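Following: one structure in structure tokens, then a few remarks.
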Amino acid sequence: MNASDVRLKFADKLYIGGEWVSPATDRRFHIVHPGVADIRLSVPEAREDDIDRAVSAARAAFDTGPWPRMERAERCACLLRWADAIDRRAEDLAIAYTTEVGATIHATRQNMAYMSSLIRHGVKLAEDYAFSVEMLVPGGRAFVTKEPVGVVAAIVPWNFPAHLGLIKMVPALIVGCTMVIKPSPEAPLDMILMAECADEAQFPPGVLSVVQADRDVGDRLVRDPRVDKVSFTGSTAAGRHIGAVCMDRVARVSLELGGKSPAIILDDISLDAVIPRLVRMSTLISGQACMSLTRVFVSQSRAKQFEEALAAAYTAIKVGDPFDEAVEMGPLINERQRERVESFITSGVAQGAQVAAGGGRPKGLDAGCFVEPTVFTGVGNDMKIAREEIFGPVISVIRYRDEAEAVALANDTPYGLNAAIFTDDADRFAALAPRIRAGTVAQNALGPQINMPFGGFKQSGIGREGGVEAFELYTEVKAIYQVT
């Protein structure tokens, strides 16, 4: 099995308004497999006319089509057909994901086996969600209803395209919105396959479009006055721009942005329990995850022992061909990202941190976009490697004197997406967790679960995806007052 096994049914078409159509131009995106840094296939690039056609289809479908006017159970039945189709294409999705991003095939198989459950869980949540509430008011009664926000533009990043696409699409489609999805040009394959699965589910015309496009065309989508809501996942810098554009025209917007997530290691827990979980949560898809735990706080009395154990574990990570079942970490997505990560490593050394593991390129892997898993010790919380999101397998160890300082250092960041406290003491965790300014605080690095909301404080975003809270992102509240 390799990257050439990617199977697209409509490799020369765009999915616009529920139909596979020819693109407006002959421009294409070349998909480069980062394990060997060569082109494996290409797909059409959507341009201005394609985006306009997709928005027009979504607008017509929302304003006059059947989708928002169906019973919710009918919409959910369509989504469940979609989930069945995704299950049938799980292996194709896994191969595509490894091809475009470089995540290991065993990890992508686990991830893609989980995709259809996002749909089924969303359908289950909708059964119990209060879309309408009756209340008594002076002179009569009121019905407070939650109606679909309208046409939604969802902009999906390259690191988890299928997952991050679905957690936007599922709640929006369930409540009756119509959608235009823009995958990243670096990793459009998973979302194209999702569109093929949606085609099998037979959504009504105009309900769903998947148009892979570059950032300039994406900006056109964000600015389109026919789009009622923009849902974006990506960098904080891009989120600021999108938020400003949406606020200028008073469009609804939700943003899931960057992170620089802390992990506080308390002294009561064994290192054997900490190290494997911390390695997993800091090197997920080669560290290219916003929720990665990349700032680790350890007590001064235990720091040397911890640093040695973490460095040994990072050194032992098997890096290589992501299609090799024995490999634990693949490449970064492209050369530009590797150069970015290497610039941070250079910065860390220049500012006085010590490289305890990694710091270079793995031997014998010259063809791909690989970098060694890297541990920095002697890190100050004011250093660039501790302040900015690196998006690579680079972790910084920072020492603290007591719990109060650990909390203060963990919160001393412009971000607030994810956090972990490693302790076997449930009472200590319960006492410390509320003091951490982050959207998720997990005991012993257990990540967000399917029924939990996910999002961040501060510059990590606006709004929560996942759980029942996701329905709030795609609904407008209406009060209907009836005199009695």
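The values are calculated or read from the model by the stated rules, or taken from the named source; none is laboratory data. Please read all numbers here as calculations on a predicted model, not as lab measurements. Here Cβ is always computed from backbone atoms with ideal geometry, including for glycine, and neighbour counts include all displayed protein chains.
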Residue identified as of a type in the set (K, R), buried (at least 16 other Cβ atoms within 10 Å of the Cβ), touching a helix residue (DSSP H, G or I) at 6+ places or on another chain (Cβ under 9 Å) and assigned to a helix (DSSP H, G or I) among R109, R53: R109
Close pairs from region 146-161: first assigned by TED's automatic domain parsing to the domain that holds K229, partner assigned to a loop (DSSP other than H, G, I, E, B) and of a type in the set (D, E), Cβ under 8 Å, at least 6 apart: V149/D228; G150/D228; V151/D228; V152/D228; A153/D224; W158/E186
Of all residues making up region 261-273, the number that are surrounded by 24 or more Cβ atoms within 10 Å (Cβ to Cβ) and out of contact with any helix residue (DSSP H, G or I) (no Cβ under 7 Å at 6 or more places or on another chain): 1
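How do the strands (runs of 3 or more DSSP E) wholly within region 142-255 filter down when requiring 1 or more residues that are of a type in the set (K, R): which remain? Explain how you work it out, then say what you get.
Details: elements: 151-155, 178-182, 208-210, 229-233.
It comes to 178-182, 229-233.
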Hits in region 439-453 - residues which are at pLDDT 95 or above and crowded, with 19+ Cβ neighbours inside 10 Å: G439, T440, V441, A442
Say we look at region 24-50 and pick out the residues that are among the charged types (D, E, K, R) and in a loop (DSSP other than H, G, I, E, B); which of these is nearest to F323 (Cα to Cα)? E45
Residue selected from region 279-336 under the condition in a helix (DSSP H, G or I) and in contact with a Pro (Cβ under 6 Å, 6 or more places away or on another chain), by the criterion farthest from R401 (Cα to Cα): S286
When the residues of region 383-401 are narrowed to those that are part of a loop (DSSP other than H, G, I, E, B) and touching a residue at least 60 places away in the same chain (Cβ under 8 Å), which ends up nearest to the chain's Cα centre (by Cα)? F391
Can you list residue pairs whose Cβ atoms sit under 8 Å apart, with the first residue in region 344-370 being among the charged types (D, E, K, R) and the second being surrounded by 13 or more Cβ atoms within 10 Å (Cβ to Cβ)? Count only pairs 6 or more apart in sequence or on different chains. R361/F370; R361/V371; R361/E372
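Give region 263-278 a look and list any residue that's assigned to a loop (DSSP other than H, G, I, E, B) and either in contact with a strand residue (DSSP E or B) (Cβ under 7 Å, 6 or more places away or on another chain) or within 12 Å of F429 (Cα to Cα) (or both), or say none.
L266, D267, D268, I269, listed by residue number.
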